[in-house]
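Worksheet: one structure, shown below.
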Amino acid sequence: MAIEFDTPLDLYRANVGLALRMIGLGHDVRQQACDLEVQRIKRDLAALNATREATIRARDWSELASSYQAALRDYMATTTNVWQQALVSAARQQSAYSDGMRDALAQWQSAWTNNWRKSTGFDPVCTPLKDWFPRFEQLLAGMPDGRSAAARHAATDVPSVGTNGRASQGEHHGG
């Protein structure tokens, strides 16, 4: 007897939610990049106008040089401000992306595991899955550093290397 698998609406909703969250985060990144580009264009236009005004109003070379220095100082101050805003924006974007993806993937995983849990109750062939899911959830719960408990245990069971460069495999018996 085969199980007829019906994907519930929760799984589709989680998939659409994940896709929409990715699209929304991408839109926010583009919006902030456009805002920074507008600031850079305004900075360049202000520097161009200051240079033009300095050239028109200068009566000698020292006055022209001091006007250029003032325009350059304003340009560099504005550039530093734009860079700082870009770095803050990048840090916020990274944090928002990480939080959003974690939440969306948690919802997706919840919908997926609930779907499988529901389908395991209908067929006696799926009885091993009933035992497997609690262990799987416990394994996921024990991974705060991104490594499973089995991987941490395997890392501690690595055989030690002896002085001759070969792995020691237990007690050596004379023979």
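The values are calculated or read from the model by the stated rules, or taken from the named source; none is laboratory data. Worth saying up front: this structure is predicted, and the values here are computed from it rather than measured. With ideal geometry, Cβ positions are generated from the backbone for all residues, glycine too; neighbour counts draw on all protein chains shown. Side chains included, ligands, DNA and RNA excluded: accessible areas come from the protein's heavy atoms. Shrake-Rupley method; radii C 1.70, N 1.55, O 1.52, S 1.80 Å.
Some observations on this one:
- Residue 97, sole failed condition from (1) modelled with pLDDT of 90 or more; (2) touching a helix residue (DSSP H, G or I) at 6+ places or on another chain (Cβ under 6 Å); (3) not polar (S, T, N, Q): (1)
- Residue in the stretch 4-25 that is more than 30 Å from residue 111 (Cα to Cα), open to solvent by 60 Å² or more (accessible area, probe 1.4 Å) and basic (Lys, Arg) present: no
- For the stretch 53-66, a tally of residues being surrounded by 11 or more Cβ atoms within 10 Å (Cβ to Cβ) and not acidic (Asp, Glu) returns 6.
- Within the option set 69, 93, 107, 84, being under 20 Å from the mean Cα position of the chain (by Cα), of a type outside the set (A, V, I, L, M, F, W, C) and open to solvent by 70 Å² or more (accessible area, probe 1.4 Å) holds for one residue only, 107.
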